[in-house]
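One structure is given here, and the rest of the page talks about it.
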Amino acid sequence: MLAELGLTVARQIPLSAIPHIMSGAYKVFPGVIRDGGGRIVMHLAGTGTVSALAGLVPGLGVISDLVQNVQLWKLAKDVEQVQSTVETVLSISAAGASMSGLGMVTSIAGFAYMSRRMDQIDKKLDVLTRDVKEIRELIESSQRSKLHFAINNLRHAEQATDEKSRSDLLIQSKREFNILTNQYKQQWSRCRTPREIEAIDDLYTLAMIGHATVCSNLGMMSEAALDLRSNYMDWVRQARMHARAVLFDNRAEQILSAEYLDLLPARKLTELLDFVHDSNRGIDWIDDLRVEAAKTYSPLELLPVIRAQLGSMGSKSSLPLRVETAQTLLSRASVLEATTAHFDFLNEKKISSSAFQQQLEAERSQSGADMICVYAEDVKPALALPPAGDSDVD
């Protein structure tokens, strides 16, 4: 089926893609690689661990074949650096998937994913609600039961042998996921503390993904893609507002103090600033913050003012939680953005989420690899899997 969709299955990332990954022309997300226009050019399917992803990088002997590639050698000093750089990019993607709590895009397909994610959320919420009364009041309602109901219907639908019964069960799930997405959206906008934001967001994003998944598995690929993109845009606008308020209290210059260097080094700080402002300014933010801080205070006056401002946000001891919340939102935004592109891809190929994931897993299992790379026809083939039973290729 994947070949009929114009896709090639390989044990390693095509050599032709390596320069694009190193230059940043291809962006690596948890489970997918996208080009500059946001189009998915590769799916990375499997366990998603750092070691498994590293196995997708061609070996040194193979990479050495790119010695004549002038573009590549402008980006690296030697073959080892090429391999190390690509492995680093993939490991950062794995770390983002882990921090987001959403996992790999290619694992989002049906009951197995939804059930596993719900179990994780239940355990986390049970811990939170022991200590925070406000969170307990937010989530101890019929909504949580309805979420379990919608997920259980996915299981029944996957087990149903009668097509009408399967369709009826999925339609019921679709209705509940859609209602819950809108309810959680309203609740999430009212959250103020990091723990509240975290608790409702887990439920909100699960309902959002569940709705897209059910639509896709009902054959409504276009609706799945359009609705998820709309829901994601609503989510990311509010996520940026939460991150800005929770971490920066709308005054980013307040955390320039050296005492917060370990917790918020410049790279992390600028990534979060780009996220909350929907920009791509990078290190230029530091100059802006220095100018902003100097408008009112001299260098000797700045440190106590920073401390006072941090006091208005909460104690210094609360800053790690605030940073963690902002970083989780940033990582989750990356996964959800890639997920919207994935459902666009499924709509383009006219294949359901569950059918595509099943094909990926079948190919991965047959290959005997922890991870496989599936790429489109216009990515030049390299290191394609041999026919079944051929053991001459690593």
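The values are calculated or read from the model by the stated rules, or taken from the named source; none is laboratory data. The model shown is predicted, which means the values in this text are computed figures rather than measured ones. Quick reminder, even Gly has a Cβ in these numbers, built from the backbone with ideal geometry, and neighbours come from all protein chains shown.
Quick check: anything in the stretch 344-354 part of a helix (DSSP H, G or I), at pLDDT 75 or above and of a type in the set (Val, Ile, Thr)? No, that holds for no residue. Residues in the stretch 354-371 that are in contact (Cβ under 8 Å) with a residue 12 or more places away in the chain and hydrophobic (A, V, I, L, M, F, W, C) were compared, and the one that is farthest from THR339 (Cα to Cα) is ALA369.
Listed here are the residues, each with its yes/no results for (1) at pLDDT 95 or above; (2) of a type in the set (Gly, Ala, Ser); (3) over 25 Å from VAL132 (Cβ atoms).
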site: ARG155; (1), (2), (3): no, no, yes
site: GLU176; (1), (2), (3): yes, no, yes
site: LEU226; (1), (2), (3): yes, no, yes
site: ARG229; (1), (2), (3): yes, no, yes
site: TYR232; (1), (2), (3): yes, no, yes
site: TRP235; (1), (2), (3): yes, no, no
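Here CYS215 fulfils each of the conditions (1) crowded, with 22+ Cβ neighbours inside 10 Å; (2) over 19 Å from HIS148 (Cα atoms); (3) out of contact with any Phe, Trp or Tyr (no Cβ under 6 Å at 6 or more places or on another chain) apart from (2).
Okay, residues lined up against (1) within 26 Å of the chain's Cα centre (by Cα); (2) small (Gly, Ala, Ser):
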{"position": "LYS146", "(1), (2)": "yes, no"}
{"position": "ALA160", "(1), (2)": "no, yes"}
{"position": "SER165", "(1), (2)": "no, yes"}
{"position": "ILE171", "(1), (2)": "no, no"}
{"position": "GLN183", "(1), (2)": "yes, no"}
{"position": "ILE197", "(1), (2)": "yes, no"}
{"position": "LEU203", "(1), (2)": "yes, no"}
{"position": "ILE209", "(1), (2)": "yes, no"}
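Restricted to helices (runs of 4 or more DSSP H) entirely inside the stretch 139-233, those with at least 1 residues that are closer than 22 Å to PHE345 by Cα are 163-189, 194-217. From the list LEU272, LEU360, LEU336, the one residue that fits, being at pLDDT 90 or above and in contact with a strand residue (DSSP E or B) (Cβ under 8 Å, 6 or more places away or on another chain), is LEU360. Here ARG190 fulfils each of the conditions (1) farther than 23 Å from ARG322 by Cβ; (2) over 23 Å from the mean Cα position of the chain (by Cα) apart from (1).
Against the conditions (1) in contact with a helix residue (DSSP H, G or I) (Cβ under 6 Å, 6 or more places away or on another chain); (2) of a type in the set (Asp, Glu); (3) without any contact (Cβ under 8 Å) to a residue 60 or more places away in the chain, ASP122 satisfies every one except (1). Number of residues in the stretch 225-236 that are within 16 Å of the chain's Cα centre (by Cα) and without any contact (Cβ under 8 Å) to a residue 40 or more places away in the chain equals 1.
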